[in-house]
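Bear in mind these aren't lab numbers, they're just calculated from the coordinates by the rules spelled out. Since the structure is predicted, the reported quantities are computational estimates derived from the model, not experimental observations. Methodologically, a virtual Cβ is constructed for each residue, glycine included, from the backbone with ideal geometry; neighbour enumeration extends over all protein chains shown.
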Amino acid sequence: MKQKQLLLVAHAPSDNTLALVEAVLRGARHPDIDQVEVTWKKPLEAVPEDVLAADAIILGTTENLGYMSGALKDFFDRCYYPVLDLKQGLPCALYIRAGLDGTGTRRAVESIVTGLRWTWVQDPLIFKGDWQPAFLEQAEELGLTLAAGLEAGIF
Ligand SMILES: Cc1cc2nc3c(=O)[nH]c(=O)nc-3n(C[C@H](O)[C@H](O)[C@H](O)COP(=O)(O)O)c2cc1C
């Protein structure tokens, strides 16, 4: 059976956010899952072809100045129209690392995802406040949920 493609487009400018990326990848690469390939692309390096090849997408960003990272915004700026007609319904999820808030970023990404007509697999995760090791467990679970859902054909 052809492997399903899970794409992670995540900005990771710090040790903590890099650990979040690694946790998502670890979850998606759970040993029981063998029909899903997960790929991490930094937002500035992701291109429309990556999205076109994806069967599901996880977005990850920091909150900066009340908004998503400029890197993730650049990803949307470059990829929005090239994928708009072809990827409607793409299963997606989002996590945000925010110092204290995260709502502005959530609203902004939700509005773009609405425009793209992607389908939320679960509510966005907002990892806010002081850093907690539990964030990594939730990020790992997110990767596992998406990969397991893809493998099982749930979405
Ligand atoms: C320039 C700048 C602006 C920021 N703006 C916000 C903000 O508006 N809301 C918020 O919750 N956190 C904000 N933060 C905190 C970042 O989200 C946080 O530092 C980042 O997610 C990295 O987290 P870490 O320190 O756990 O690695 C800002 C950080 C920087 C450097």
Go through 117-125, 23-31, 6-14 and give me the packing order, highest mean Cβ count within 10 Å leading. 6-14, 23-31, 117-125
May I ask for the Kirkwood hydrodynamic radius of segment 17-77, worked out over all distinct Cα pairs and given in angstroms to one decimal? 12.9
Stretched fully, the stretch from Arg107 through Asp130 gains (0.36 nm per residue minus C-alpha distance, one decimal, in nm) 6.1 nm
List every residue whose amide H lies under 5 Å from the amide H of Ile126, counting only residues 5 or more places away in sequence or on a different chain, with H placed 1.01 Å from N in the peptide plane. Ile96
Give me, ordered by chain and number, the residues 5 or more places off Val36 or on other chains with an amide H under 5 Å from its own placed amide H. Lys4
Long-range amide H partners of Cys92, meaning residues 5 or more apart or on another chain whose placed amide H is closer than 5 Å, are Ile57, Thr119, Trp120, Val121
Calc'd 3J(HN,Hα), segment 7-19, phi into Karplus 6.51 cos²θ - 1.76 cosθ + 1.60 (θ = phi - 60°), Hz, glycine/Pro = x, comes to 10, 10, 10, 9, 8, 9, x, 9, 4, 5, 6, 5, 5
Can you tell me which of 62-68, 85-91 comes out highest on packing, and rank the rest after it, using the mean Cβ neighbours within 10 Å? 62-68, 85-91
Please give the FRET efficiency for Asp32 paired with Thr114, using the beta carbon to beta carbon distance and R0 = 30 Å, rounded to the nearest 0.05. 0.35
